[in-house]
Amino acid sequence: MSSIVRVHGLTKRYGGVTALDAVDLDLPAGRVGLVGANGAGKTTLFRLLLGLSQPDAGHVEVCGVDVAADPIGARSRIGYMPEHDCLPLDQTAADVVATFGELGGLPVRAARQRASEVLDLVGLDEARFRPVGGFSTGMRQRTKLAQAIVADPELVLLDEPTAGLDPSGREEMLALVDRLGGFGVAVVLATHLLDDVARVCDHVVMLDAGRLVTDAPTETLLHQTGTVTVDVGPAAVAALSAALAARGLRASADGSGSLEVIVTGDHDLDTIRDVVAELALPLHRLTNRLTSLDDVFTRSTPTS
Amino acid sequence: MSSSVSTGAVYDRGYRPYDGPRGGRRAAAAALYRTSLRRAVGLRRPWRQKVAPAVLLGIAVIPAVINVGIGYLTRGTPAEGFEFITYREYLGVSSALLLFVALVAPDIVCPDRRQRVLPLIFARPLTGRDYGLAKVGAIFTCVFAFSFLPQVVLYVGQMLVSDGALDYLSDHTAVLWQVPIAAAALALFYALLGVAVASLTGRRMVAGATLLGITLVSSAIAGILVEADGGDTVPTGHAAALLNILALPLRIRDLIFLGRIGEDAPLSGVAGGGALSIAAYLAVVAICVAVIHQRYRTAE
């Protein structure tokens, strides 16, 4: 897969604070999650990718364009959705998105047509002629996404796109981001919500206090751990644990009323099933335990 | 029971890549100019936003209509040739123009900062300089149009009510270049001043009041200094009149129309008044350019 972003030795300081510290990245086209706590350097990285800030050291290349040499060329290939409110409140969604289409280089007629299409795509087709000032948070987020993609960029930078959304709004936004990647638009999704990244991203980059801690495909991080979670209710945990130990399986309580059992194959799963049946326990859940991004993040970031 | 089969279908149009023509930095700046100009004249906005430009145009055209009307009514009478207002006097005397700039310049500049639209704009393929040029260009276009169009009405009307249209044309060829150049000097001054002041704050009311305050206070101070020294009554005039920011483009206008400072100006009679006026005009322009450059130097 070709690289959409190449960063080498990128360092950015604000006074005595190092926002990014010698970061090296080689991001593939696709859906990339940029994860980090607040202040980890996500927004700073976006500003450097857009050429809006100058790095203190290092080199940035976006879509094959050297950002330092040609920031305008880089920006013409990027769509950007900031985290904060940034929309002209007294304009209609159609006007806002069409205007940013024109600012992205589209002719007037094409910009209006594309605005109509992308507002349809983000689910604002019926609200397109309403002023943005009257929109809910979710509708404003959708409008921000629409303006980011209206000029058909090669890369879209989304800064906390699910911030402030209710659960259903978050689901819909993630579905939109997922669809964007499917349409062939490269997406970098900056968030501190690891679940969002696990849901839609093919590649994960983790930053902590300006340093790169993880840069890997999501699937390699979320590998199976060789552990299953068995839920038979808190009251039966001790009995089941003892019975499994008697059959040679190592089990430990996970603190939430379930057992985590180390397995080596399907025969161990059969053993667990048989033991539960012998003890006449209700089997609420028997699942493979995957490493979560939270585990990876916790392991990788000493400051978290 | 119907056995017809529905042939309708619902399609998800999805996302279609754009493979048409695409402009660069110049196209982006032109788009920002168009958007700002539309906003300034109230296009695609509620009717309330259309009132200011419509009223300004109406006020600006009234003297031309009166002048042409007088010309028509006094044809063949001893009063024929009476001019209610000359081309020179007609340019830039309307305070409605200042009010318009005080309303419109903050309206097209301040919300971008207050509503944090600037980062979104600067994430597009344009620079802070392009942004400033687009905003100044939009105000310049409005002020130029509202200064120039009434002059066109006056010129065409006077020509039509005169005894001989061709004679009028040949007698007034100078204004054909004087008016657009003077109007451009006036529009540039107002546009730069308006955008520079508006760039300093995100609040429209503050920007508008500051612009009016700067011009009116400078006018008052200049008036007080000139009057205290008797400069408005003696033929020597007074250099303190240069402090009147509002009058600076009018002195440039005088130089364009008369080649000297008009006798009705407090600066009249001051040695080197013309050169001083040009220097003061250029100084204000340079300060405004520096302020705009500084405010949008780094993309926010």
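The values are calculated or read from the model by the stated rules, or taken from the named source; none is laboratory data. In this text the structure is predicted, and so the values were computed from the model without any measurement. With ideal geometry, Cβ positions are generated from the backbone for all residues, glycine too; neighbour counts draw on all protein chains shown.
Restricting to the range B:86-135, and then to whatever is among the polar types (S, T, N, Q) and over 17 Å from the mean Cα position of the chain (by Cα), can you tell me which residue is farthest from B:Gln294 (Cα to Cα)? Even if it seems obvious, please write down each step before you answer.
Narrowing the range B:86-135 to residues among the polar types (S, T, N, Q): B:86, B:94-95, B:115, B:127.
Among the residues that remain, those that are also over 17 Å from the mean Cα position of the chain (by Cα) are: B:86, B:115, B:127.
Details: B:Thr86: 40, B:Gln115: 20, B:Thr127: 13 Å.
Checked the range B:86-135; the qualifying residue farthest from B:Gln294 (Cα to Cα) is B:Thr86.
For the range A:64-75, which residues satisfy the criterion of being out of contact with any strand residue (DSSP E or B) (no Cβ under 6 Å at 6 or more places or on another chain) and either within 16 Å of B:Gly24 (Cβ to Cβ) or surrounded by 18 or more Cβ atoms within 10 Å (Cβ to Cβ) (or both)?
Matches in the range A:64-75: A:Val65, A:Ala69, A:Asp70, A:Pro71, A:Ile72, A:Arg75.
Give the residue, chosen from B:Val197, B:Val161, B:Val206, that is on the phi < 0 side of the Ramachandran plot, at pLDDT below 95, surrounded by 15 or more Cβ atoms within 10 Å (Cβ to Cβ) and among the aliphatic types (A, V, I, L, M).
Values: B:Val197 fails: at pLDDT below 95; B:Val206 fails: at pLDDT below 95.
Matching residue, one of B:Val197, B:Val161, B:Val206: B:Val161.
Might you let me know whether the range A:83-97 holds any residue that is part of a strand (DSSP E or B) and either surrounded by 24 or more Cβ atoms within 10 Å (Cβ to Cβ) or not assigned by TED's automatic domain parsing to the domain that holds A:Thr137 (or both)?
No, the range A:83-97 contains no residue that is part of a strand (DSSP E or B) and either surrounded by 24 or more Cβ atoms within 10 Å (Cβ to Cβ) or not assigned by TED's automatic domain parsing to the domain that holds A:Thr137 (or both).
For A:Thr11, indicate whether it is over 27 Å from B:Asp112 (Cα atoms), in contact with a Leu (Cβ under 9 Å, 6 or more places away or on another chain), part of a strand (DSSP E or B) and among the polar types (S, T, N, Q). Even if it seems obvious, please write down each step before you answer.
Working: over 27 Å from B:Asp112 (Cα atoms): yes; in contact with a Leu (Cβ under 9 Å, 6 or more places away or on another chain): yes; part of a strand (DSSP E or B): yes; among the polar types (S, T, N, Q): yes.
Criteria met by A:Thr11.
Could you pull out the residue among A:Ala175, A:Ala148 that is in a helix (DSSP H, G or I), out of contact with any strand residue (DSSP E or B) (no Cβ under 8 Å at 6 or more places or on another chain) and modelled with pLDDT of 90 or more?
Numbers: A:Ala148 fails: out of contact with any strand residue (DSSP E or B) (no Cβ under 8 Å at 6 or more places or on another chain).
Of A:Ala175, A:Ala148, the one residue that is in a helix (DSSP H, G or I), out of contact with any strand residue (DSSP E or B) (no Cβ under 8 Å at 6 or more places or on another chain) and modelled with pLDDT of 90 or more is A:Ala175.
For B:Leu73, indicate whether it is over 30 Å from A:Ser76 (Cα atoms), at pLDDT below 90 and crowded, with 20+ Cβ neighbours inside 10 Å. Let's see the steps before the verdict.
Working: over 30 Å from A:Ser76 (Cα atoms): yes; at pLDDT below 90: yes; crowded, with 20+ Cβ neighbours inside 10 Å: no.
No: the conditions fail for B:Leu73.
For the range B:12-114, which fully contained helices (runs of 4 or more DSSP H) count at least 1 residues that are of a type in the set (Val, Ile, Thr) and away from chain A (no Cβ under 14 Å)? If you could, list the steps in order and put the result at the bottom.
On the way: elements: B:25-41, B:48-73, B:87-90, B:95-114.
Per the criteria, B:25-41, B:48-73, B:95-114.
From the list A:Arg31, A:Arg77, which one is of a type in the set (Lys, Arg) and at the interface with another protein chain (Cβ under 10 Å from one of its Cβ atoms)?
Working: A:Arg31 fails: at the interface with another protein chain (Cβ under 10 Å from one of its Cβ atoms).
Residue meeting the stated conditions: A:Arg77.
Just checking: which of the strands (runs of 3 or more DSSP E) contained wholly in the range A:194-254 hold 3 or more residues that are at pLDDT 90 or above?
Values: elements: A:203-208, A:211-217, A:224-231, A:251-253.
By residue number, A:203-208.
Count, please, the residues in the range B:210-230 that happen to be free of Cβ contacts under 8 Å to residues at least 40 places away in the same chain and touching a helix residue (DSSP H, G or I) at 6+ places or on another chain (Cβ under 8 Å).
Result for the range B:210-230: 8.
From the set of residues in the range B:137-158 that are farther than 16 Å from B:Gly69 by Cα and either outside any helix (DSSP H, G or I) or of a type in the set (S, T, N, Q) (or both), which is modelled with the lowest pLDDT? Give the derivation first.
Residues of the range B:137-158 farther than 16 Å from B:Gly69 by Cα: B:137-149.
Retained after the next criterion (residues that are either outside any helix (DSSP H, G or I) or of a type in the set (S, T, N, Q) (or both)): B:141, B:147.
Working: B:Thr141: 96, B:Ser147: 91.
In this case the residue turns out to be B:Ser147.
Conditions (1) within 14 Å of A:Pro82 (Cα to Cα); (2) within 11 Å of chain B (Cβ to nearest Cβ); (3) surrounded by fewer than 23 Cβ atoms within 10 Å (Cβ to Cβ), marked per residue:
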residue: A:Arg109; (1), (2), (3): no, yes, yes
residue: A:Asp120; (1), (2), (3): no, yes, yes
residue: A:Glu126; (1), (2), (3): no, no, yes
residue: A:Pro131; (1), (2), (3): no, yes, yes
residue: A:Met139; (1), (2), (3): no, no, yes
residue: A:Gln147; (1), (2), (3): yes, yes, no
residue: A:Ala163; (1), (2), (3): yes, no, yes
